[in-house]
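Structure first, commentary second.
Since every read-out is calculated from the coordinates, none of them should be taken as a lab result. Every value quoted in this text rests on a predicted model; they were computed, and no experiment measured them. Cβ placement follows ideal geometry from the backbone for every residue including glycine, while neighbour counts extend to all protein chains displayed.
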Amino acid sequence: MDRKRLVIGLATAVAGLAGAAGVACRGQATVASPRPVLRIATAFSPLSSVLTAEYRRRLPTLDIRSQPAADSDAVIAGIEDGSVDLGVALADVAYLAHWGADGSRTATQDRIRGVTLLQPLPQYLLVRGQSGIRQVPDLRGRNVAVGPTGSSSSTLGLLVLDAFQITARTVVHLNTRAAAAAGLKDRSLDAVFLPGYVYPDEVMHAALRDGAYFVPIDGPVVDRLRLDHPFVRRTTIPREVYPGQDRIIPTVGIDMVVLCQRDLNPSVVYDLTAQLFSAYPRLSGVEATLRFLNPDEAPATPIPLHPGAARYFRERELSR
């Protein structure tokens, strides 16, 4: 009899443990797994901010966060040290960061992968009204402004001045459009180099009302510049960037590229690439720099493609 009670007791205990385990399993199943975090660098904000917003809208399974980064160098440094997962950078900076100036690279440099090549970011040369400046050589002896050190307008602006052998009276680095507009209006500046995503807004209207206008960057000097700097491209300023501008203006730009961590989940990178091109028609109406995106050239990144991006482009080609 005692042995029978013992067997029954053991059976009851085992059943109780099994039930408790089932409850525990069910409890665990109801706890949502934390979303994977994706940190997107804020450099080139007019572009990266709209992409970040679009990814948040279209990829709710990801916890997408903005990671401060001032320029291409900061984006690449963040990818290398693991604080950034995705970002936009100038193609020439990405190339040197991955391959090294002499073609050699370190294990740290090998952490960077390409997602997609973007369009060249045009350079706008805006000069003050009644300045008499009609071409780049007219900048000799003038007061010229470029963007912050490391920015596209600083990098390309200085390259243009050097290629045309321009010795300006002063060359200053400005951090804001407001400072550039104020300098043109009060005539402390004769010309400013601006990145192509700076379309006239309320900040620039005062200078435009005062007669500021674009000057072309063109001619044989540009061809020689491109020989030394292959990531510099010929491009144009489209019509109607400001009221009354009824012609296309030739200029130059630098290719841009979306970069990511080498170890980022391939499925995540596939989705990021696919969503960028899925959203492209809508984004091109919102963000001017996406207007000239060429999907056929997009896989031609200056560094190796991430496997997730490569899969997207391969499937896209096969689906044609």
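Can you sort Ser319, Ser66, Ser152 so the residue with the fewest Cβ neighbours within 10 Å comes first?
Details: Ser319 6, Ser66 14, Ser152 27.
The fewest-first ordering by Cβ neighbours comes to Ser319, Ser66, Ser152.
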* Structure fact -> The answer for the net charge of residues other than Gly211 whose Cβ lies under 13 angstrom from its Cβ, with Lys and Arg +1 and Asp and Glu -1, is +2
* Structure fact -> The local net charge around Ala43, scoring Lys/Arg +1 and Asp/Glu -1 for residues other than Ala43 whose Cβ lies under 12 Å from its Cβ, equals -2
* Structure fact -> HN-Hα couplings for the range 65-75 via Karplus (6.51, -1.76, 1.60; θ = phi - 60°), in whole Hz with x for Gly/Pro, come out as 10, 8, 10, x, 7, 7, 7, 4, 4, 5, 4
* Asked: Given R₀ = 22 Å, FRET efficiency for Asp186-Ser66 by Cβ-Cβ distance, to 0.05?
  -> 0.05
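Apply 1/(1 + (r/R0)^6) to the Cβ-Cβ distance of Gln165 and Gln130, taking R0 = 25 Å, and write down the FRET efficiency to the nearest 0.05. List each step's numbers first, then the result.
Numbers: r = 26 Å, r/R0 = 1.02.
Efficiency at R0 = 25 Å is approximately 0.45.
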* To do: Could you work out how far apart the two model spin labels at Ala53 and Arg282 are, taking each label as a point 7 Å from the Cα in the direction of the beta carbon, and quote it in nm?
  => 1.1 nm
* Structure fact -> The exposure ranking of Arg320, Arg111, fewest beta-carbon neighbours within 10 Å first, is Arg320, Arg111
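How much length, in nm to one decimal, is gained on full extension between Tyr242 and Ser83, taken as 0.36 nm per residue of separation minus their Cα-Cα distance? Provide the component values of the computation, followed by the final result.
Details: separation 159, 0.36 × 159 = 57.24 nm, distance 3.90 nm.
Gain in length upon complete extension: 53.3 nm.
What order, most packed first, do the peptides 153-160, 311-318 have when packing is the mean number of other Cβ atoms within 10 Å of each residue? Kindly include the intermediate steps, with their values, before the conclusion.
Details: 153-160: 22.6, 311-318: 14.8.
With the highest mean Cβ count within 10 Å placed first, the list reads 153-160, 311-318.
Calculated FRET efficiency, Ala300 and Arg224, Cβ-Cβ r, R0 30 Å, to nearest 0.05? Walk me through the intermediate numbers first.
Working: r = 24 Å, r/R0 = 0.79.
It comes out at approximately 0.80.
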* With a sphere of radius 15 Å drawn around the Cβ of Leu59, what net charge do the other residues whose Cβ falls strictly inside it have (Lys, Arg +1; Asp, Glu -1)? -> +2
